[in-house]
1. Taking the Cα-to-Cβ direction at Trp23 and at Arg131 and moving 7 Å from each Cα, how far apart do the two end points lie in nm?
2. With 10 angstrom as the radius, rank Met14, Met1 by how many other C-beta atoms surround their C-beta, starting from the fewest.
3. Ranking Glu66, Glu27 by Cβ neighbours within 10 Å, fewest first, what do you get?
4. Summing Lys, Arg as +1 and Asp, Glu as -1, what charge do residues with Cβ under 11 Å from the Cβ of Gly133 carry, Gly133 excluded?
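Rule-based calculations on the coordinates, nothing more; no lab input. Everything numeric in this text was worked out from a predicted model, so none of it was measured. Using ideal geometry, Cβ is built from the backbone for each residue, glycine included, and neighbour counts are taken over all protein chains shown.
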Amino acid sequence: MRRRYDETRLWMRMAYGDANRTWLRNELGDRIHPDWNNRTARPARWEIARTHLRTLVKALADRFGEVHVYLEFSTTERCDRRCQSAAGDDCTCSCRGERHGGGTYWADWQLVGEETLVGPVGRVERHYVVRRGDLD
């Protein structure tokens, strides 16, 4: 599964089929619209709204035992200490997810003033392996 910072949908590699579409709807709700992109994407992939990230990762790990998750972050050079207490899965600040929601400290960041963190500029992708039971 992949979440690019500049895309509105998650990308997921799982075989096409009515059984998989049904499984996605059972896990995420009947109102979702999973798209099968086999025209512009090579190899073909499912595309699903970003808001389903955590639920989908858990469901995939439960079904297959583990799932590889790639989260991309784009940054400026500033983060805020409020990021440490943030909730949810999307982090759009410069820490690239390292400090989001209480994540680990990254040695290249320096606190400037009371709230602002300063660090490197760029685009980074993080790779996580989530196993069955990790998100329970």
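1. In this crude spin-label approximation the distance works out to 2.1 nm.
2. Met14, Met1
3. In order of increasing Cβ crowding within 10 Å: Glu66, Glu27.
4. Overall, the nearby charge balance is -1.
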